[in-house]
1. Restricting to the range 205-216, count the residues that are without any contact (Cβ under 8 Å) to a residue 60 or more places away in the chain and either open to solvent by 10 Å² or more (accessible area, probe 1.4 Å) or under 17 Å from residue 274 (Cα atoms) (or both).
2. Count, please, the residues in the range 368-394 that happen to be out of contact with any strand residue (DSSP E or B) (no Cβ under 6 Å at 6 or more places or on another chain) and either open to solvent by less than 40 Å² (accessible area, probe 1.4 Å) or within 14 Å of residue 186 (Cβ to Cβ) (or both).
3. If a residue counts only when it is touching a residue at least 12 places away in the same chain (Cβ under 8 Å) and of a type in the set (Ser, Thr, Tyr), which strands (runs of 3 or more DSSP E) contained entirely in the range 301-370 have at least 2 such residues?
4. Among the numbered criteria (1) among the acidic types (Asp, Glu); (2) out of contact with any Ser or Thr (no Cβ under 7 Å at 6 or more places or on another chain); (3) farther than 28 Å from residue 154 by Cα, which one does residue 375 miss?
5. As an exercise: evaluate residue 334 against (1) under 30 Å from residue 188 (Cα atoms); (2) modelled with pLDDT of 95 or more and give the number of the one condition it does not meet.
6. Looking at the range 189-200, I want the residues that are over 9 Å from residue 225 (Cβ atoms) and have a partner that is of a type in the set (Val, Ile, Thr) with Cβ atoms under 7 Å, at least 6 apart or on another chain. Which pairs are those?
7. Go through the range 343-362 and report how many residues are closer than 21 Å to residue 190 by Cα, open to solvent by less than 40 Å² (accessible area, probe 1.4 Å) and touching a Gly at 6+ places or on another chain (Cβ under 6 Å).
8. Filter the range 296-323 down to residues that are over 20 Å from residue 254 (Cβ atoms) and out of contact with any Lys or Arg (no Cβ under 8 Å at 6 or more places or on another chain), then give me how many there are.
Amino acid sequence: MMDTVQDKDYFTIDDFDIDDKTILVRVDINTPMDPEGNILDDLRINSHIPTIQDLEDSRVVLLAHQSRAGKSDFTTMQPHAERLSHYLGREVEYVDDIFGSHARSRISAMEKGDVLLLENVRFYSEETISRSGKEHASTHMVKNLAPLADIFLNDAFAVSHRSHLSLMGFTHLLPCGAGRLMEKEITSLDRGIKGGGRPCIFVLGGAKVDDSLTVAENVLSNGGADRVLVTGVVANVMLDASGFDIGKANKDFIESQGYLEQIDRAKQILDDFDGKVGLPVDVALNDNGSRIEVSVEEIGDSILPINDIGIETIVAFSREIRQAGTVILNGPAGVSEQDGFELGTYEIVKAATEADYSVAGGGHISAEVRNMGFDHSFSHISTGGGSCIDYLAGTPLPAIEALKKAAVLISKHD
């Protein structure tokens, strides 16, 4: 049925005989949609096409979600099926049922090469309950769908930090592995944090200070990074921890976000990894839309918010990034959506394209890389936001751990 896993602790499509098999594939095609139900950005839909194409000799049943209960874009999967059909060049049948008699009869009637997309799995209330895979395996969804399938593939990296039913429940009952997108995410991120070229530089920005500090602690303590450069609100916390007066507006913002307690944590990181953390030497303040540059020593005299790193910092950070063997970006350098304050993010992204190996770590920074037109110049752009941060921080992702456990069990029985 399968070969042995080579250099991986989970199975992939290559480890299975997929010819004429029925394969359940969990994808993440959750997309931005307008109030009329039109898809605004189909990047995630397109990202799963390689997996589906590699299963062209199988019967493919797709499990997916769109948004969550209570949101205006909590809709059916019909538009997604139409967009998938467009990219595949063949029909993807939409079934307005998840595991009822209609869904089961359509799956049973499938022929080799057919692709079917079931209804939004979050229409089933038990989908979003966080449970173990074993607990999920006893649900109606799994009991009804598992007997119809030969293999389960998880290709939904972006939600693999969740312990949800459609991600976990089938791993106890079916041979399972990773789809092409999942495999690419794990391999690319692992190369960045474990086996990439040196020096390895992490550039941590944005407003999620606690997540970024966790990433910094992880990659510096395990030797995954040679340097961590900080920007955004993360840098403001680090500057405060270093003894700089960052001004009332910026201190108040940190407090409003609940990050005051992160300052002591930042101090500890700076003490533990002396010389490994790069801080801004200047910043750009926002004076009613005008960019005012000051050194970090001068911030305290101002009541203005910090909205970007300054020119001297941009030059220094960019030089270091361009010379890196590996660079991983997570979070923008400032308020990049505002005219005049996108400069730091733009220049850092541009510099990263000149490193030997470059990774955009999901969420906001991945969107910025694409918006700026640098997506084809990056080695890897992650589709995950929270899952990517957790992975970089060394936090086990439940759905990936389930694949690893399943691989161990299958290997023991072979």
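The values are calculated or read from the model by the stated rules, or taken from the named source; none is laboratory data. Note that the structure is predicted; figures quoted are calculated from it, not measured. Note: ideal-geometry Cβ built from the backbone for every residue, glycine included; neighbour counts use all protein chains shown. For the accessible areas, the whole protein counts, side chains as well, though only heavy atoms, and no ligand, DNA or RNA atoms are used. Shrake-Rupley method; radii C 1.70, N 1.55, O 1.52, S 1.80 Å.
1. Within the range 205-216, residues that are without any contact (Cβ under 8 Å) to a residue 60 or more places away in the chain and either open to solvent by 10 Å² or more (accessible area, probe 1.4 Å) or under 17 Å from residue 274 (Cα atoms) (or both) number 2.
2. 15
3. 357-360
4. With respect to (1) among the acidic types (Asp, Glu); (2) out of contact with any Ser or Thr (no Cβ under 7 Å at 6 or more places or on another chain); (3) farther than 28 Å from residue 154 by Cα, residue 375 is out only on (3).
5. Every listed condition holds for residue 334 apart from (2).
6. Partner pairs satisfying both residue conditions: 189/359; 192/326; 192/328; 192/359; 196/326; 197/326.
7. 3
8. Within the range 296-323, residues that are over 20 Å from residue 254 (Cβ atoms) and out of contact with any Lys or Arg (no Cβ under 8 Å at 6 or more places or on another chain) number 10.
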